[in-house]
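Here the structure comes first, spelled out in structure tokens, and everything after it is commentary.
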Amino acid sequence: MKISELKEREDFAEITARTLARGWSRQFGRPITVSTTPIPGAQQWLLHSLLGAVYTRDSAPSLRKFVADHFRCTARPLRIVPQYIVGTLLTRRAVLNRLGQPFLWVTPAIDNSATLLVAPGNQRIRVFDFESGLTRAFLKEGFDNRSMMREIAVRTKANGSCFTQLQSWDENGKWLEEPILEGIPLTRCLPWVNSAGYLHAALRSLDVWLNETSEEVAAAQYIEQLQRELLERLHGLIARYPDEPLLARLGPLIAQMSCQASKLETIQIAHSHGDLQGGNIWVDHAQSRTLLIDWEYSARRFRYYDFLLMGLAARPIKSFGEHSREFVRGGQLREGLHHYLPAQGQAWRKGALALFLLEEFNWVLDDQEQGDYSALSANFRVLAQIFAETIELLS
């Protein structure tokens, strides 16, 4: 997520400070104070909102190269040269220090701060340590640990080719540590790179994993349980946001969508990734391999959830409506993901789309209830609108 989005959704600076204070104190075995207001003599950290980075004024070359490489790479041909130039200029130490805003004050000072890059995210704050070659992800203060526990559970047991192994982790889900990966996300591969080849290599690995973890269940029973879970979460949000009229309208919509999904007789359930999109497909050119990263939203879901998520462009969700209408009419999924679905008629497609939306809405409700948010997210509101529109399409 962009820093601007985090600032709109939560008390960004305070949550970042509290998270790092707790995490570093435990990591280094001594009390570390992290403040959002100046402390005389404390170590100052800067925030660069465009780069999504927090760092000190003596940033090391390895840190700056990492940031530059990720900013300079783009899949858009017309932006390659200007983005390379801008990325190179932005990550010079003098420019970073000039454009970075004083953000945090830390005492006692972190010894190897020059090689540390702090990257705030949705539910975690990652700290890249270029001296050790490791990344430690801290669960943000005020956030539920279920997403971290899910990822730890999957990655400590899985041996598939699409996984990276964890170096260490907290049994209570407060942090995990892993090697810094070489490469870039699929979305940032240059135009002449065989991105489609890398994509389908990742999809084939995921398909193997889904086959290994799948089981067949009665659709009606599974959907009834899913509907109960959705309504329980919805009632929790109504209690949390009593003045939000949107929430009161969702119960009947969930019931209608559940009725449509229940027309499926049997379905396969598997351990899905939960956030399959280009940013979570990691491409390591040097070793010609792809990895799936960020398993924090993994869960047992509809076997084809991940492929529908990406094939219908559900994240970001702007063009989902167009793709879903085409899918119901018998059209293909984007990026060739229809090859990973069974060959079925319109009735199955309608049921599959309804079940996917129930699962997706459950994901959004889960995400909304985990954080210390002051309001409903924009993604929640957009999905609620699409939920209502899709019921008309499926009826």
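Residue-wise test of (1) out of contact with any Asp or Glu (no Cβ under 8 Å at 6 or more places or on another chain); (2) modelled with pLDDT of 80 or more; (3) among the polar types (S, T, N, Q).
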{"position": "LEU358", "(1), (2), (3)": "yes, yes, no"}
{"position": "PHE361", "(1), (2), (3)": "yes, yes, no"}
{"position": "ASP366", "(1), (2), (3)": "yes, yes, no"}
{"position": "GLY371", "(1), (2), (3)": "no, no, no"}
{"position": "SER377", "(1), (2), (3)": "no, yes, yes"}
{"position": "VAL382", "(1), (2), (3)": "yes, yes, no"}
{"position": "PHE387", "(1), (2), (3)": "yes, yes, no"}
{"position": "LEU394", "(1), (2), (3)": "yes, yes, no"}
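Output the qualifying pairs, or none if there are none: Cβ atoms under 6 angstrom, residues six or more apart or on different chains, first residue in the stretch 225-241 and farther than 18 Å from TRP363 by Cβ, second residue modelled with pLDDT under 95.
Between residues of the stretch 225-241 that are farther than 18 Å from TRP363 by Cβ and residues that are modelled with pLDDT under 95, the close pairs are ILE238/LEU247.
Is there any pair linking a residue in the stretch 186-211 that is over 28 Å from GLN268 (Cα atoms) to one that is part of a helix (DSSP H, G or I) and β-branched (Val, Ile, Thr), with Cβ under 8 Å and at least six apart or on different chains, and which?
LEU190/ILE80; PRO191/ILE80
If a residue must be crowded, with 20+ Cβ neighbours inside 10 Å and either among the acidic types (Asp, Glu) or closer than 17 Å to TYR304 by Cβ (or both), how many such residues does the stretch 368-393 contain?
Number satisfying all stated conditions: 1.
On the basis of being under 24 Å from SER4 (Cβ atoms), basic (Lys, Arg) and more than 21 Å from the chain's Cα centre (by Cα), does ARG57 make the cut?
So ARG57 fits the description; yes.
Suppose the filter is in a loop (DSSP other than H, G, I, E, B), under 29 Å from ILE125 (Cα atoms) and either out of contact with any strand residue (DSSP E or B) (no Cβ under 7 Å at 6 or more places or on another chain) or not acidic (Asp, Glu) (or both); does LEU264 pass it?
For LEU264, the condition - in a loop (DSSP other than H, G, I, E, B), under 29 Å from ILE125 (Cα atoms) and either out of contact with any strand residue (DSSP E or B) (no Cβ under 7 Å at 6 or more places or on another chain) or not acidic (Asp, Glu) (or both) - is not met.
Quick one: GLY321 ticks every box in (1) surrounded by fewer than 20 Cβ atoms within 10 Å (Cβ to Cβ); (2) over 30 Å from LEU190 (Cβ atoms); (3) without any contact (Cβ under 8 Å) to a residue 24 or more places away in the chain; (4) of a type outside the set (Lys, Arg) except a single one, so which number is it?
Failed condition: (3).
Only one of GLY197, GLY279, GLY251 is over 24 Å from the mean Cα position of the chain (by Cα), in a helix (DSSP H, G or I) and not aromatic (Phe, Trp, Tyr); which?
GLY251
Looking for whichever is assigned to a loop (DSSP other than H, G, I, E, B), touching a residue at least 40 places away in the same chain (Cβ under 8 Å) and surrounded by fewer than 16 Cβ atoms within 10 Å (Cβ to Cβ) here; the options are ALA314, ALA286. Which one fits?
ALA286
Tell me which residues, restricted to the stretch 261-283, are among the charged types (D, E, K, R) and buried (at least 19 other Cβ atoms within 10 Å of the Cβ).
ASP275, the sole residue that qualifies.
Return yes when GLY331 is assigned by TED's automatic domain parsing to the domain that holds SER258 and more than 17 Å from ARG233 (Cβ to Cβ) and no when it is not.
yes
In the stretch 38-76, how many are among the aromatic types (Phe, Trp, Tyr) and farther than 14 Å from ALA17 by Cα?
Counting residues in the stretch 38-76 that are among the aromatic types (Phe, Trp, Tyr) and farther than 14 Å from ALA17 by Cα gives 2.
Across the stretch 147-165, what is the number of residues that are surrounded by 16 or more Cβ atoms within 10 Å (Cβ to Cβ) and within 21 Å of GLN370 (Cβ to Cβ)?
Here the count works out to 8.
Each row is one residue, and each column tells you yes or no for (1) assigned by TED's automatic domain parsing to the domain that holds ALA42; (2) basic (Lys, Arg); (3) under 21 Å from HIS48 (Cα atoms).
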residue	(1), (2), (3)
LEU78	yes, no, no
LEU90	yes, no, yes
PRO102	yes, no, yes
ASP129	yes, no, yes
ARG150	no, yes, no
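I'm checking my understanding of the structure. Among residues of the stretch 181-211 that are under 24 Å from SER62 (Cβ atoms) and of a type in the set (D, E, K, R), which one is surrounded by the fewest Cβ atoms within 10 Å (Cβ to Cβ)?
GLU182
Tell me which residues, restricted to the stretch 131-155, are in contact with a strand residue (DSSP E or B) (Cβ under 7 Å, 6 or more places away or on another chain), at negative phi and part of a loop (DSSP other than H, G, I, E, B).
LYS140, ASN145
Out of the residues in the stretch 333-367 that are exposed (fewer than 14 other Cβ atoms within 10 Å of the Cβ) and either in contact with a helix residue (DSSP H, G or I) (Cβ under 6 Å, 6 or more places away or on another chain) or among the polar types (S, T, N, Q) (or both), state the one that is farthest from TYR241 (Cα to Cα).
Among residues in the stretch 333-367 that are exposed (fewer than 14 other Cβ atoms within 10 Å of the Cβ) and either in contact with a helix residue (DSSP H, G or I) (Cβ under 6 Å, 6 or more places away or on another chain) or among the polar types (S, T, N, Q) (or both), the one farthest from TYR241 (Cα to Cα) is GLN344.
The values are calculated or read from the model by the stated rules, or taken from the named source; none is laboratory data. The structure presented is a predicted model; accordingly, all values stated were derived computationally and were not measured. Note that each Cβ is placed from the backbone with ideal geometry, even for glycine, and that neighbours are counted across all protein chains shown.
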